[in-house]
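Report on the structure given below.
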Amino acid sequence: MDLNTLLQVLDSTVRLGTPLLLMCLAGLFSERAGIVDIGLEGKALVAAFFSASIAYTTGLVWIGLLAGIAASMVLSMIHGIASITFRGNQLISGVALNFLASGLTVLIAQDWFGQGGRTPSLGDVRFPALTLPFADALRSVPVIGPIYYDLISGHSILVYVAFLCVPLTWWVLYRTRFGLRLRAVGENPAAVDTAGISVVRLRFSAIVIAGVLCGLAGSYLATALQAGFVKEMTAGRGYIALAALIFAKWRPWYALSATMLFGLLQAVALRYQNIDLGGVVIPVQFMNALPYILTIVILAGFVGAANPPRAGGDPYVKER
Amino acid sequence: MDRMPAWADVVLIPLISLVLAAILSALAILAIGESPAEAFYLMVDGALMRSSGWGYTLYYATNFIFTGLAVSVAFHAKLFNIGGEGQAALGSLGVALVCLYIPWPHWSLALLGSAVGAAAFGALWALIPAYLQAKRGSHIVITTIMFNFIAAALLNYLLVNVLRPVGAMEPASASFAAATHLPTFQSMFSSEGSTLFRGSPANISFFIALIACVFVWLLIWRSKLGYEIRSQGFSESGAKYAGISPSRIIIIAMLISGALSGMMGVNATQGAAERLILNSAEGAGFIGIAVALMGRNHPFGVLLASLLFGFLYQGGAELAMWTSIPRELIIVIQALVILFTGALDNMVRWPLESLFAGLRRRKEG
């Protein structure tokens, strides 16, 4: 494998890893606050649809992005009302939201565009690839030039936003008062409540952040990675992000490496189909299933225990 | 303390949740410019007014009974089995292997064999998540979701690379031998003069599903094992104190749950498709969640909820055929049912509880 092929695979790793990263961070905020979020997939799906359709109708991709975030936020709020306000089962609420998204997007897409549950192609109304400064000038420099030009430069702005979200998440979680309280509310909400801080408000703010991040992920899928919405276009990415979150043991920097690892697996599966390793052929289906298999191995505790936030999944009942 | 009479809990809350889901669905139909009344009429006409419509409704209901029972058995042990879809896929694989590689002399024996194959493969697919939950504490929701995806990849691989007949393009197995074909409702109930259930896929598996309902009822409410499962679901520490081993119950409950999901393959794969196709479970594993929640985890409730969803499925297909409403409307309705009966349960329950408490106070005072 020469440098060029390697760079192409890594480049597509970044492209495919970005939505996973955004959704994984969304899950991280939510679960660190004690709200389990299976609905990442659904939120990203509605965001993908609304970003593409609003971008198409207005011709403005930024308006599309805002619409995507708003749509994702609506689902987030339903999740919050169900699991925080009415103390319902967070898992069931997440499952319901995923179905709601998968049904509603096709229903509305068929009504608005009549193309069998997709939006028309966006053409130029997408997030363009940014060329970073000096990329063209440095291109001829051996090794560093192609790495800078092909791998680091030339992505849409949402990719850079996603990568910046990693240190930002770390900083918010570990270096701010809000982050400290957020982590505390996921471990021991009663203690936070005793300190006079509202558990409900903290959990809702975590869910809002998760909504924004899922909105970014969905918009990226429909308006940057591809040019428009197609039925079920998240294709299980929300669940892979959930797997990555466990893989990362609910920590931001590990989330980056886990999502990029899963992105790499997707990129390799996409490029090579069946891989021939000296007589033994690894089928493409195995590559597709590998993120899930790896997560099972992690969950089984063979590679160090993965302990979720302790209060995750439990609705908080204030003492009466 | 009983806040509410039992009938309100069992009948009133699911009904109100259903009405809320129906209102929102009607609004969705209105929003896309169709008439809800007309849509409902079309659904009733297509699903219930002809025997062939009933044939489809009952066929879908059979699938949902199996997956719904599967989810509810797990729920009784306080386990949320989202893996019905994967377990059903593996169950179908079991059915296919039994039907393809054993030369059955008669359908009745083939039915017996495939039921065992379906249950065994479905249970096997639930065993690993169950073991990991019981022994290593890995959350069963996450592991069963992962196993759905692994099952899909496995089935995809087997159908493309192993089971596909030489020269065929479609990723599907060869058709099963004629001796394994199950009697359909059409062949069972049609007489000389009149053909009933014409061309519909409903088959003898429906009665197996009914037997499964009785079996689950006996298991949960009339057996020692069922008592242990319910104790575990009610309070794990209490059950442990009474000498019930949590890991044993987790594994047994999940094995039964997986076996029931797998049995769906008898209906869909042996009874209807008569060969193994890609995505043979058609999402029924997930509908099992809605069915179990609506049916309040009781076999009779599951039966009623399955009939309702069978009606919705067949009616939805009719809608897609005659109007501009796509089939995905059914997914929206399913989502709303899960949301209202599962996650937003308290939204309906709390006002009702205070209503009943108020009524009682007035009666006493």
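FYI, it's all coordinate maths here, none of it is from the lab. All figures in this text were calculated on a predicted structure; none of them were measured in a lab. Neighbour counts are summed over all protein chains in view; Cβ atoms, including those assigned to glycine, are modelled from backbone coordinates with ideal geometry.
Projecting the Cα atoms of B:25, B:154, B:189 onto the dipole axis of chain B, where Lys and Arg carry +1 and Asp and Glu carry -1 at the beta carbon, places B:154 farthest toward the positive end.
Determine the calculated [θ] at 222 nm for chain B from helices alone, applying -39500 (n - 2.57) to every DSSP H run no shorter than 4 residues and normalising by the residue count; nearest 500 deg cm²/dmol.
So the calculated ellipticity at 222 nm is -22500 deg cm²/dmol.
Spin-label pair residue B:234-residue B:323: with each label point 7 Å from Cα along the Cα-Cβ axis, the two points sit 4.6 nm from one another.
For residue A:60 paired with residue B:160, estimate the spin-label separation in nm (one decimal), with each label point 7 Å from Cα along the Cα-to-Cβ line. For the pair residue A:60/residue B:160, the computed spacing is 4.3 nm. Under a model in which nothing but the beta-carbon of Lys, Arg (+1) and Asp, Glu (-1) is charged, the protein assembly as shown shows a dipole of about 1900 debye around its Cα centre. Between the amide H of residue B:203 and those of B:185, distances stay under 5 Å, these residues lying 5 or more places away or on another chain, with hydrogens modeled in the peptide plane.
Across all directions, the shadow cast by the convex hull of the protein assembly as shown built on its C-alpha atoms averages 35.6 square nanometres.
Build a GNM of chain B with springs between Cα atoms under 10 Å: which of B:335, B:281, B:74 gets the top mean-square fluctuation? Answer for the Gaussian network model of chain B: B:335. Size descriptors for the range B:1-142: radius of gyration and Dmax over Cα atoms are 20.7, 60 Å. Note on chain B: Rg/Rh from C-alpha atoms, Kirkwood Rh, equals 1.00. The calculated FRET efficiency for residue A:317 paired with residue B:211, based on their beta-carbon distance and R0 = 51 Å, is about 0.75. What the phi angles of the range B:314-331 give under the Karplus curve with 6.51, -1.76 and 1.60, with θ = phi - 60°, is a coupling list of 5, x, x, 5, 5, 4, 4, 6, 9, 10, 8, 7, x, 4, 4, 3, 5, 5 Hz, glycine and proline written as x.
Between residue A:151 and residue A:310, the modelled labels are 4.2 nm apart [label points 7 Å from Cα along Cα→Cβ].
Straight-line cross-link reach from residue B:78 at under 19 Å between alpha-carbon atoms covers these lysines, not counting any fewer than eight positions away in the same chain: B:135, B:224, B:240. Since only A:102, B:131, A:186 are under comparison, the one whose Cα sits farthest along the positive direction of the charge dipole of the protein assembly as shown, derived from C-beta charges on Lys, Arg, Asp and Glu, is A:186. Here the Gaussian network model covers chain B, with springs between Cα atoms less than 10 Å apart; of B:129, B:103, B:36, B:103 fluctuates the most. Using 0.36 nm per residue and subtracting the Cα-Cα separation, the extra length available between residue B:49 and residue B:195 on full extension is 51.1 nm. Grouping the Cα pair distances of chain A into 20 Å bins from zero gives a pair-distance distribution of 31, 56, 12, 0 percent in increasing distance order. Helices in chain A, meaning DSSP H runs of at least 4 residues, each add -39500 (n - 2.57). Divided by all residues, the mean residue ellipticity at 222 nm is -21500 deg cm²/dmol. Per-residue Karplus couplings for the range B:72-88, computed as 6.51 cos²θ - 1.76 cosθ + 1.60 with θ equal to phi - 60°, are listed in order as 6, 4, 5, 4, 4, 8, 6, 10, 9, 8, 8, x, x, 4, x, 5, 5 Hz, Gly and Pro entered as x. The mean count of C-beta atoms from other chains within 10 Å of the C-beta of residues in B:134-147, rounded to a whole number, is 6. Fully extending the segment from residue A:293 to residue A:77 would add 74.6 nm, taking 0.36 nm per residue of separation and subtracting the current Cα-Cα distance. A straight chain from residue B:101 to residue B:242 at 0.36 nm per residue would run longer than the Cα-Cα distance by 46.1 nm. For the range A:110-239, just say rounded, prolate or oblate: build the C-alpha gyration tensor, square-root its eigenvalues into a ≥ b ≥ c, call rounded for a/c under 1.5, and beyond that prolate if a/b exceeds b/c, oblate if not. Because a/c hits 1.5 or more and a/b fails to exceed b/c, the range A:110-239 counts as oblate. When +1 charges are put on Lys and Arg Cβ atoms and -1 charges on Asp and Glu Cβ atoms, the dipole computed for chain B relative to its Cα centre reaches about 1140 debye.
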